[in-house]
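Just so it is clear, none of the values below were taken in a lab; they were calculated from the coordinates. What you see is a predicted model, and the numbers here were worked out from it, not measured in a lab. All Cβ positions, glycine included, derive from the backbone under ideal geometry; neighbour counts span all protein chains shown.
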């Protein structure tokens, strides 16, 4: 009864409560109550500001050779995929009619020159008027102009390579009748290659003529350097991008026009 009276009738003293609390804290500490933390060491690092853009390979020069005048194709001097030099004859259109006209003009030109020389002698002795001599001289000039016209037309019967390059796939054969504008073959120059790509307008100030960009191909870990040679003078108002063109050598024909590259 005395023990029960002590427990229920007489509360614990402050000293006893403090002792029990201190003991409980010590027990918690001993049982692993510390808070775990992650520690990071701050240090200076270099971060590259790299901009990636999709690009398209375009040839250095490209032209579709077409007929300038109507006629039958009598010669096609090309092999698909072959390399040609500047000025090399690619195709020839029948020029028999023009050659006949040229011969006729040469005869007329010789006759008019002889007549002009005689008229000049007669003019010196005042056997003819100045007007008659002027007519003879005009015939000489007119014949020469007609001859020059025929020579220009004869030049159009020959389609020559305007620059050195590689012949594409032909779209016509010998014996076909050509009209002005009929496509014959495509000529492409790829010893130098161009790459066109676009950048957001906010980076337009960061690129200049002569800047160097790096190119990557799918499946190729190597990087190739190209030099910026042209900047579009305006920004696309719909996409808010600026077109950029770079150029690089292509000795091994690694880059083919139309390919995708990562710039």
Sole exception among (1) over 15 Å from the mean Cα position of the chain (by Cα); (2) within 30 Å of residue 170 (Cβ to Cβ); (3) buried (at least 16 other Cβ atoms within 10 Å of the Cβ) for residue 207, by number: (2)
Test: residue in region 210-230 that is surrounded by fewer than 10 Cβ atoms within 10 Å (Cβ to Cβ), over 15 Å from residue 54 (Cα atoms) and in contact (Cβ under 8 Å) with a residue 12 or more places away in the chain: yes
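Matching residues to (1) over 30 Å from the mean Cα position of the chain (by Cα); (2) touching a residue at least 60 places away in the same chain (Cβ under 8 Å):
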{"site": "40", "(1), (2)": "yes, no"}
{"site": "44", "(1), (2)": "yes, no"}
{"site": "54", "(1), (2)": "no, yes"}
{"site": "57", "(1), (2)": "no, yes"}
{"site": "61", "(1), (2)": "no, yes"}
{"site": "67", "(1), (2)": "no, yes"}
{"site": "74", "(1), (2)": "yes, yes"}
{"site": "79", "(1), (2)": "no, yes"}
{"site": "83", "(1), (2)": "no, yes"}
Filtered residues of region 119-134 (kept if assigned to a helix (DSSP H, G or I) and either within 18 Å of residue 106 (Cβ to Cβ) or without any contact (Cβ under 8 Å) to a residue 12 or more places away in the chain (or both)): 121, 122, 123, 124, 130, 131, 134
Single condition residue 81 does not satisfy, out of (1) surrounded by 13 or more Cβ atoms within 10 Å (Cβ to Cβ); (2) assigned to a loop (DSSP other than H, G, I, E, B): (1)
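Answer yes or no as to whether residue 106 is in a loop (DSSP other than H, G, I, E, B) and more than 30 Å from residue 246 (Cβ to Cβ). It would help to see each step written out before you state the result.
Details: in a loop (DSSP other than H, G, I, E, B): no; more than 30 Å from residue 246 (Cβ to Cβ): yes.
For residue 106, the condition - in a loop (DSSP other than H, G, I, E, B) and more than 30 Å from residue 246 (Cβ to Cβ) - is not met.
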Residue count, region 145-195 (criterion: surrounded by 15 or more Cβ atoms within 10 Å (Cβ to Cβ) and part of a helix (DSSP H, G or I)): 6
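In region 85-103, which residue that is assigned to a helix (DSSP H, G or I) and in contact (Cβ under 8 Å) with a residue 12 or more places away in the chain is surrounded by the fewest Cβ atoms within 10 Å (Cβ to Cβ)? Talk me through it step by step, then tell me what you get.
Going residue by residue through region 85-103, those that are assigned to a helix (DSSP H, G or I) are 96-103.
Among the residues that remain, those that are also in contact (Cβ under 8 Å) with a residue 12 or more places away in the chain are: 98-99, 101-102.
On the way: 98: 19, 99: 13, 101: 17, 102: 17.
Residue satisfying both the conditions and the ranking: 99.
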Residue in region 196-204 that is buried (at least 16 other Cβ atoms within 10 Å of the Cβ), within 18 Å of residue 84 (Cα to Cα) and in contact with a strand residue (DSSP E or B) (Cβ under 8 Å, 6 or more places away or on another chain) present: no
